[in-house]
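The values are calculated or read from the model by the stated rules, or taken from the named source; none is laboratory data. Note that the structure is a prediction, hence the values are computed from the model and not measured. So basically every Cβ, Gly included, is an ideal-geometry build from the backbone, and we count neighbours across all protein chains shown. For the accessible areas, the whole protein counts, side chains as well, though only heavy atoms, and no ligand, DNA or RNA atoms are used. Shrake-Rupley method; radii C 1.70, N 1.55, O 1.52, S 1.80 Å.
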Amino acid sequence: MENLRFCSIRTSSWRCLALRAVQEQQYSGSGASFRRNPPLVSYSLSSRGSKSQQASLQAATTTAATMWPDVQTGRRSARMVIGCGAAAEEHSAGVSSAAGAVLSPEMVALWRHAQAVCFDVDSTVCEDEGIDELAAFCGAGEAVAAWTARAMGGSVPFESALAARLALFQPSVTTVAKFLASRPPRLNPGIQELVSKLQSHGTEVYLISGGFRQMIGPVAAQLHIPSENVFANTLLFDDDGEFKGFDETEPTSRSGGKAKVVEQIKKEHGYQTLVMVGDGATDLEARRPGGADMFICYGGVIARPTVVAGADWFVVSFTDLIQSLDSK
């Protein structure tokens with residue numbers, strides 16, 4: 001059976017994308033090798049999807065077209081399979097697609113039986129980027145969001161982007177408290193069920209974020225994740241409660257930090273299988289030797305082409321991950 005490298009997009013409530021292979025060729029790129037066919041990309045963006053979801057799907061379509069210059073488009077079905085990070089083969093035990101390609105049984109088993117799963121928070125567990133929302137509350141939303149996009153896309157070092165963003169609005173203790181009181185966490189659909197199901201299966205769940213502990217604490221509490229399983233940055237304030245900076249000793253405050261946290265978690269707890277779930281370049285970095293054994297890119301809020309291209313599995317709905325835990 002032929003090996004395929006792919007990721008999948010599927011949602012149960014609205015139509016998204018479908019891609020089908022028709023002729024075998026070889027493609028190499030983004031540090032990975034793909035055995036693929038010149039694909040037919042069929043898509044229908046339904047009005048039932050949110051603007052952010054539709055934007056994600058459009059970005060994913062662009063990614064597919066970049067990977068396969070000979071891509072054809074049409075309006076047909078509701079599933080997409082594109083060349084991506086993990087080896088797959090046609091096998092009845094795998095997670096199947098509308099195109100007939102499936103995630104390899106080995107990767108499916110790794111996901112179902114992972115000893116630990118680490119989630120990014122902003123635009124993965126939550127619907128938005130926390131620092132962008134805090135900045136908007138302080139009147140600096142657009143300028144900070146532009147820096148966030150660069151950082152998550154991997155075009156600038158994360159630590160540089162973090163310092164630049166905070167310098168634009170310098171939140172105080174009082175400002176942060178008012179923000180948290182006025183705006184509780186907005187979780188992405190399905191994340192509570194997914195985390196609960198993982199925990200019921202005995203899988204340890206972690207939050208690893210480039211955001212701030214002051215804002216992630218309520219998220220962890222809502223998901224019943226203990227504070228010792230949260231790795232994030234810390235805002236610093238002076239004696240008057242004014243902004244002083246951030247703790248630069250936190251590994252998540254710089255590029256490559258999430259990868260180091262994952263390695264630390266694996267080493268301290270002796271996990272043999274650990275999965276990273278996220279949407280940004282800093283999440284993808286965790287998928288390296290000694291780090292995460294699988295990277296799942298969540299594109300329900302935004303699909304960044306370079307991150308999608310490096311993923312083992314790409315989903316825009318947590319439903320896929322929930323259902324795969326239930327399947328035998």
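Can you pull out the residues in segment 181-202 that are in contact (Cβ under 8 Å) with a residue 60 or more places away in the chain, more than 13 Å from Glu127 (Cβ to Cβ), touching a Leu at 6+ places or on another chain (Cβ under 9 Å) and not aliphatic (A, V, I, L, M)?
Result: Lys197, His201.
To keep it simple, each residue is scored yes or no on (1) touching an Asp or Glu at 6+ places or on another chain (Cβ under 8 Å); (2) not polar (S, T, N, Q).
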position: Glu106; (1), (2): no, yes
position: Arg112; (1), (2): no, yes
position: Val125; (1), (2): no, yes
position: Asp128; (1), (2): yes, yes
position: Ile131; (1), (2): yes, yes
position: Leu134; (1), (2): no, yes
position: Glu142; (1), (2): no, yes
position: Thr148; (1), (2): yes, no
position: Ser155; (1), (2): no, no
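Select from segment 252-292 the residues that are of a type in the set (Asp, Glu) and under 15 Å from Ala311 (Cβ atoms) and list them in ascending order.
Asp279, Asp283, Glu285, listed by residue number.
In this structure, is Thr249 of a type in the set (Val, Ile, Thr) and open to solvent by less than 40 Å² (accessible area, probe 1.4 Å)? If you could, list the steps in order and put the result at the bottom.
Details: of a type in the set (Val, Ile, Thr): yes; open to solvent by less than 40 Å² (accessible area, probe 1.4 Å): no.
No, not satisfied.
Within segment 213-228, take every residue that is in a helix (DSSP H, G or I) and among the hydrophobic types (A, V, I, L, M, F, W, C) and give me the one that is surrounded by the fewest Cβ atoms within 10 Å (Cβ to Cβ).
Filtering segment 213-228 for residues in a helix (DSSP H, G or I) gives 213-222, 227-228.
Applying the additional criterion that residues be among the hydrophobic types (A, V, I, L, M, F, W, C) yields 215-216, 219-221.
On the way: Met215: 24, Ile216: 25, Val219: 25, Ala220: 23, Ala221: 13.
Among those that are in a helix (DSSP H, G or I) and among the hydrophobic types (A, V, I, L, M, F, W, C), it is Ala221.
Would it be correct to say that Ala292 is surrounded by 21 or more Cβ atoms within 10 Å (Cβ to Cβ) and either under 22 Å from Asp128 (Cα atoms) or modelled with pLDDT of 95 or more (or both)?
Taking the combined requirement at face value, the residue satisfies it.
When you look at Ala151, is it at pLDDT 90 or above and either basic (Lys, Arg) or touching a helix residue (DSSP H, G or I) at 6+ places or on another chain (Cβ under 8 Å) (or both), yes or no?
Answer is no for this residue.
Could you go through segment 118-125 and let me know if any residue there is touching a residue at least 12 places away in the same chain (Cβ under 8 Å) and open to solvent by 50 Å² or more (accessible area, probe 1.4 Å).
No, every residue in segment 118-125 fails to be touching a residue at least 12 places away in the same chain (Cβ under 8 Å) and open to solvent by 50 Å² or more (accessible area, probe 1.4 Å).
Could you go through segment 239-246 and let me know if any residue there is surrounded by fewer than 16 Cβ atoms within 10 Å (Cβ to Cβ), more than 30 Å from Lys197 (Cβ to Cβ) and touching an Asp or Glu at 6+ places or on another chain (Cβ under 6 Å).
yes
Does Ile131 satisfy the condition of being hydrophobic (A, V, I, L, M, F, W, C) and more than 21 Å from Gln264 (Cβ to Cβ)?
yes
Taking the criterion of being in contact (Cβ under 8 Å) with a residue 12 or more places away in the chain, within 20 Å of Glu285 (Cβ to Cβ), buried (at least 17 other Cβ atoms within 10 Å of the Cβ) and under 19 Å from the mean Cα position of the chain (by Cα), would at least one residue in segment 132-149 satisfy it?
Within segment 132-149, one or more residues are in contact (Cβ under 8 Å) with a residue 12 or more places away in the chain, within 20 Å of Glu285 (Cβ to Cβ), buried (at least 17 other Cβ atoms within 10 Å of the Cβ) and under 19 Å from the mean Cα position of the chain (by Cα).
Can you tell me which residue is nearest to Leu162 (Cα to Cα) among those in segment 196-212 that are of a type in the set (S, T, N, Q) and outside any helix (DSSP H, G or I)? Full working, then the answer.
Pass one, segment 196-212, residues of a type in the set (S, T, N, Q): 196, 199-200, 203, 209.
Remaining after also requiring outside any helix (DSSP H, G or I): 203, 209.
Working: Thr203: 31, Ser209: 12 Å.
Within segment 196-212, the match that is nearest to Leu162 (Cα to Cα) is Ser209.
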